[in-house]
Amino acid sequence: MSERIIAIDGPAGSGKTTTAREVAARLGFVHLDSGALYRALTLAVLDHQVPLVGERIVALARSLPVRLVLAGRSFVPEVAGADVSEAIRSERVTARVSEVAALAEVREWVNQQLRLAVGEAVEGVVVDGRDIGTVVFPEAPLKVYLTASEEERAQRRLSQMGRRVDPEAVGRTSAELSRRDLMDSSRAVAPLKPAPDAVVLDTTGLTFGEQVERVLELARKVF
Ligand code: CDP
């Protein structure tokens, strides 16, 4: 299966998830958002008040269970059988997810789930995250690392959430993104960084359509 994987990594707000979803739709591939699984785990940890200890979190994930369920062309995050697609985008989850994602046992469990999930997506799969090209699927034939200036990423995140894009909100969101980027890129296990053979795409100033088109051009050369 590993011959039909596109890995898209990058910092918060770089548009990985929306780009991955659209690229997958255009290629007839399935979309797999790895961040959704870290977020679903974080939601479960907060709701069940489990301490931030890797084994405890993995045990909780198995017992509830926390899962990604293939529905059509994408995977839906579920906690105890309930679709948590909306709940995992809440600010309380966003504020804590990087702490959960820094735990080695948690990452190992998530990576197992991602590899199993890819096995179900026979058409091909676009996987987005932080360590997909470096750790989870280093054999993926196409790896893209999306970046954009911090200001632009903050503006995109605000528009995506339907919030007003005023200077004060941009400042606050950009501080939140950089706090998470710092945690994600400085952690000991699987830090955020481009794979040596990733194509780095700076999307500052590109429209969403242009960004998708650039990734599709790269994909057409490979698949
Ligand atoms: O969409 P956004 O960029 O805000 O983040 P996300 O993809 O939903 O991921 C949320 C968090 O999960 C990240 O800030 C990372 O801490 C963690 N994550 C990770 O460590 N490795 C991944 N492959 C995906 C997400």
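The values are calculated or read from the model by the stated rules, or taken from the named source; none is laboratory data. Bear in mind the structure is a predicted one, so any value in this text is a computation, not a measurement. With ideal geometry, Cβ positions are generated from the backbone for all residues, glycine too; neighbour counts draw on all protein chains shown. These area figures cover heavy atoms from the full protein model, side chains too; ligands, DNA and RNA do not enter into them. Shrake-Rupley method; radii C 1.70, N 1.55, O 1.52, S 1.80 Å.
Assorted remarks:
- L182 open to solvent by 30 Å² or more (accessible area, probe 1.4 Å), under 14 Å from G13 (Cα atoms) and not charged (D, E, K, R): yes
- Positions within the range 1-32 being among the acidic types (D, E) and open to solvent by 20 Å² or more (accessible area, probe 1.4 Å), in sequence order: E3, E22
- Leading residue by the ranking (nearest to the chain's Cα centre (by Cα)) among those in the range 1-55 that are among the acidic types (D, E) and over 13 Å from R130 (Cβ atoms): E22
- Screening A104 with (1) more than 12 Å from the ligand (Cβ to nearest atom); (2) of a type outside the set (F, W, Y); (3) surrounded by fewer than 22 Cβ atoms within 10 Å (Cβ to Cβ) gives one miss only, at (1).
Residues checked against (1) touching a residue at least 40 places away in the same chain (Cβ under 8 Å); (2) open to solvent by 20 Å² or more (accessible area, probe 1.4 Å):
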| site | (1), (2) |
| --- | --- |
| V110 | yes, no |
| A154 | yes, no |
| E168 | no, yes |
| A198 | yes, yes |
| D202 | yes, yes |
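- Any hit, the range 65-83, residues being within 13 Å of the ligand (Cβ to nearest atom), in contact with a Gly (Cβ under 8 Å, 6 or more places away or on another chain) and either part of a helix (DSSP H, G or I) or not hydroxyl-bearing (S, T, Y) (or both): no
- Condition met for R73 (under 16 Å from the mean Cα position of the chain (by Cα) and open to solvent by 50 Å² or more (accessible area, probe 1.4 Å)): no
- Residue match in the range 130-146 (condition: at pLDDT below 95 and more than 10 Å from the ligand (Cβ to nearest atom)): no
- In the range 10-60, of all residues being assigned to a loop (DSSP other than H, G, I, E, B) and within 15 Å of the ligand (Cβ to nearest atom), the one that is farthest from E213 (Cα to Cα) corresponds to L52.
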